[in-house]
1. On the given criteria, is Ser124 in a helix (DSSP H, G or I) and more than 24 Å from Pro26 (Cα to Cα)?
2. Exactly one condition in (1) open to solvent by 60 Å² or more (accessible area, probe 1.4 Å); (2) in contact with a Leu (Cβ under 6 Å, 6 or more places away or on another chain); (3) closer than 25 Å to Pro235 by Cβ is false for His102; which is it?
3. Name the pairs: first residue in segment 103-118 and farther than 12 Å from Gly54 by Cβ and touching a residue at least 12 places away in the same chain (Cβ under 8 Å), second residue open to solvent by less than 40 Å² (accessible area, probe 1.4 Å) and in a helix (DSSP H, G or I), Cβ to Cβ under 6 Å, at least 6 apart or on different chains?
4. Would it be correct to say that Gly129 is closer than 22 Å to Ser75 by Cα, at pLDDT 95 or above and open to solvent by 50 Å² or more (accessible area, probe 1.4 Å)?
5. Out of Leu99, Leu151, which single residue is modelled with pLDDT under 95 and closer than 17 Å to Val181 by Cα?
6. Kindly provide the set of residues from segment 141-157 that are open to solvent by 40 Å² or more (accessible area, probe 1.4 Å) and over 13 Å from Glu185 (Cβ atoms), ordered by number.
Amino acid sequence: MTITSLLSDRIGFGTAPLGNMFREIPDEEAAATVQAAWDQGIRYFDTAPFYGAGLSEERLGAALAGKDRDQYVLSTKVGRVILDELETGSRDLGEKGGLFEHGNPNKMVHEWTADATERSIEGSLKRLGVDRLDIVWVHDIAQDFHGDLWLQKFEEARTGAFRVLSRLRDEGVIKAWGLGVNRTEPIELTLALDEPQPDGFLLAGRYSLLDHDHALQRLLPMAAEQGVDMVVGGPYSSGILAGGTHFEYQDAPPEIIEKVRRIKDIADRHGVSIKAAALQFALAHPVAAAAIPGATKPSRIAEDLSALHENVPADFWAELRKAGLVSPQAPLPGNA
């Protein structure tokens, strides 16, 4: 089953921020944001045990309790098992250190074996308060978390998580599986395997208005050839394309701030919001099934939907292309 066939809309809700990413979010604010998404028609919700050591799943489950399970699509991830034991020291999260320092204090086991995959799914079902998952992503088997050891983690997942999820898909327990990563190489490696293939992938931050050249070189042509769909995570590049200050989950460096300024200058001349440009660019590639911006305030949902439907003139895209701010190979909205 393709990811596109599962999703009725081109925009979903990425719930990483509900795990207290960057800041502490009151429970009431988290619940109101999910309710706002629901009230405005969003029916795809993505989460993960990693987001606040289970906090995002707990909050999403509570907010969706009572909603008809057949009316929405739910995805979560495997690779982290949340323990009852509490963390006493600092967490080792590679380049993402401190990202969820305000989340739950529970210890996390980082493991992609078959047994850990089964335990991860069991824990997610409990925290979410549901009896089934639609899509399961294999989370973070990439360089940003594991450095030179990432290939070892990939092999652990290949012989563990990949096979478990393929079996669960074949048994009809889940509808689809794939990789959820911040780098292109693990997905390229997976698509080159002869083993049961993923149905899609969640690529965070690597197909955005600010960073898309690498994905266009190898990954997206491979995905298109194999009929594998992409869910775009981080379409606003951790917030810098939505008025924030973060890029790659950290303070944006000067060269990124300057690039955003150049894009915004062109956008302002054409009366285009940079949020609309970012979201519509990410969805213009034929492989893109949906984008899942995150939000922690109810008002952000309306902004995202407005950005999705905003009229962006072809002249704007043409000027971006001429200025070298988008790749010559990148498909543009409306074939601009």
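The values are calculated or read from the model by the stated rules, or taken from the named source; none is laboratory data. Note that this is a predicted model, so its numbers are computed, not measured. Cβ: placed from backbone, ideal geometry, glycine included. Neighbour counts: every protein chain shown. Only protein heavy atoms, including side chains, enter the accessible area calculation; ligands, DNA and RNA are left aside. Shrake-Rupley method; radii C 1.70, N 1.55, O 1.52, S 1.80 Å.
1. Working: in a helix (DSSP H, G or I): yes; more than 24 Å from Pro26 (Cα to Cα): no.
The answer is no for Ser124.
2. (2)
3. Partner pairs satisfying both residue conditions: Trp112/Ala157; Trp112/Ala161; Ala114/Val164; Thr117/Ala161; Thr117/Val164.
4. Working: closer than 22 Å to Ser75 by Cα: yes; at pLDDT 95 or above: yes; open to solvent by 50 Å² or more (accessible area, probe 1.4 Å): yes.
Answer is yes for this residue.
5. On inspection, the qualifying residue turns out to be Leu99.
6. Leu149, Gln152, Glu155, Glu156
Yes/no per residue for (1) of a type outside the set (Val, Ile, Thr); (2) closer than 13 Å to Thr296 by Cα:
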residue: Thr15; (1), (2): no, yes
residue: Gly19; (1), (2): yes, yes
residue: Ile25; (1), (2): no, yes
residue: Ala32; (1), (2): yes, yes
residue: Gly41; (1), (2): yes, no
residue: Tyr44; (1), (2): yes, no
residue: Leu60; (1), (2): yes, yes
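Residues are listed down the side, and each one gets a yes or a no for (1) modelled with pLDDT under 95; (2) open to solvent by less than 10 Å² (accessible area, probe 1.4 Å); (3) in contact with a helix residue (DSSP H, G or I) (Cβ under 8 Å, 6 or more places away or on another chain); (4) closer than 19 Å to Gly234 by Cα:
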| position | (1), (2), (3), (4) |
| --- | --- |
| Leu165 | no, yes, yes, no |
| Thr184 | no, yes, yes, yes |
| Leu189 | no, no, yes, no |
| Asp199 | no, no, yes, no |
